């Protein structure tokens with residue numbers, strides 16, 4: 001498999017209130033291949049979201065390198081990083097962040113329209129993705145007319161609409177009831193393979209982590225391999 005995302009000696013630190021330095025990430029090493037689903041677990045406050053922000057080019061690391069499809073984030077200015085995020089990285093968060101005045105179809109098509117695609121092409125691609133996540137009969141509905149699980153599936157479709165090399169998700173099932181969460185977990189299990197993208201999910205949920213090809217645990221700023229059986233009981 002081809003490595004899509006690579007982080008080497010990734011470090012992130014902040015200045016504490018007492019003037020001291022707080023190290024959140026300490027020499028992270030990570031490689032994720034096309035078609036691979038990686039789950040990152042860890043206690044609250046361990047730096048999981050911080051790591052995701054670095055991988056998604058939402059924040060600059062203190063040191064270290066990140067490359068996506070061979071392109072180093074260090075070589076890109078702010079505008080180029082924004083273009084990278086729009087075209088090559090999909091994001092799914094705990095809250096779906098759908099635009100409430102637009103239909104599911106319009107929400108999913110939006111990234112393509114922003115990127116300059118024609119309305120017809122954007123709608124065709126959005127329609128196909130909504131069908132693939134089980135929302136064929138719901139695509140003209142506004143977010144308020146969709147269940148929580150349907151809203152999150154629409155958010156996943158939106159994240160995939162640009163055919164990103166990398167999909168990042170931060171607690172994607174954290175705001176769902178058990179039934180909707182399980183449906184979403186089942187969908188995530190096939191995303192990497194079905195869409196030929198690299199998927200990295202940060203989660204407290206053992207059931208979701210257990211569906212990943214690989215589980216990593218972030219503790220004291222360092223990533224290490226883990227297994228579902230070895231994970232402590234965690235809550236969202």
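Throughout, read-outs are computed from the coordinates displayed, never taken from laboratory work. The structure presented is a predicted model; accordingly, all values stated were derived computationally and were not measured. As a convention, Cβ positions derive from the backbone with ideal geometry for all residues, glycine included, and neighbour counts pool all protein chains shown.
Grab the eigenvalues of the alpha-carbon gyration tensor for segment 96-204, scale each by 5, take roots, and send me the semi-axes largest first in whole angstrom.
Each semi-axis is √(5λ); the values are 21, 17, 12 Å.
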Subject >> Label-point gap, in nm, between residue 79 and residue 100 - each point 7 angstrom along Cα→Cβ >> reply: 3.5 nm
**OP:** Could you work out how far apart the two model spin labels at residue 177 and residue 113 are, taking each label as a point 7 Å from the Cα in the direction of the beta carbon, and quote it in nm?
**Re:** 3.2 nm
**OP:** Springs between alpha-carbon atoms under 10 Å, Gaussian network over the chain: tell me which of 104, 209, 82 tops the mean-square fluctuations.
**Re:** 82
**OP:** Determine the distance separating the Cα centre of segment 75-95 from the Cα centre of segment 1-47; give it in Å without decimals.
**Re:** 17 Å
**OP:** Would you mind computing, in nm to one decimal, how far apart the modelled labels at residue 69 and residue 14 are, each placed 7 Å from Cα along Cα→Cβ?
**Re:** 3.2 nm
Subject >> Whole-angstrom Cα spans of segment 5-130 along principal axes, big to small >> reply: 53, 31, 28
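For the chain, what does -39500 (n - 2.57) per DSSP helix run (n ≥ 4), summed and divided by total residues, give at 222 nm, in deg cm²/dmol to the nearest 500? Each step should come with its number before you reach the end.
Values: 7 runs with 80 residues, N = 236.
Taken over the chain, the calculation gives -10500 deg cm²/dmol.
Give me the number: length gained by fully extending residue 193 to residue 120, i.e. 0.36 nm times residue separation minus the C-alpha to C-alpha distance, one decimal in nm.
On the way: separation 73, 0.36 × 73 = 26.28 nm, distance 2.72 nm.
Full extension from residue 193 to residue 120 adds 23.6 nm.
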Original post:
Between Rg and the Kirkwood Rh of the chain, both from Cα atoms, what is the Rg to Rh ratio?
Top reply: 0.97
Original post:
How many percent of all Cα-Cα pairs in segment 1-58 sit more than 16 Å apart?
Top reply: 51 percent
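Please order 73, 14 by the number of other Cβ within 10 Å, starting at the fewest.
Working: 73 20, 14 12.
Taking fewest neighbouring Cβ atoms as first place, the list is 14, 73.
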**OP:** Treat the count of other C-beta atoms within 10 Å as a stand-in for reagent exposure and order 74, 213, 170, 79 from fewest to most.
**Re:** 79, 74, 213, 170
Original post:
With springs only between Cα atoms under 10 Å, which of 161, 71, 199 fluctuates most in a Gaussian network model of the chain?
Top reply: 71
Original post:
With a Cα-only, solvent-free Debye model of segment 127-182, what are the log10 I(q)/I(0) values at q = 0.16, 0.17, 0.30 Å⁻¹?
Top reply: -0.49, -0.56, -1.28
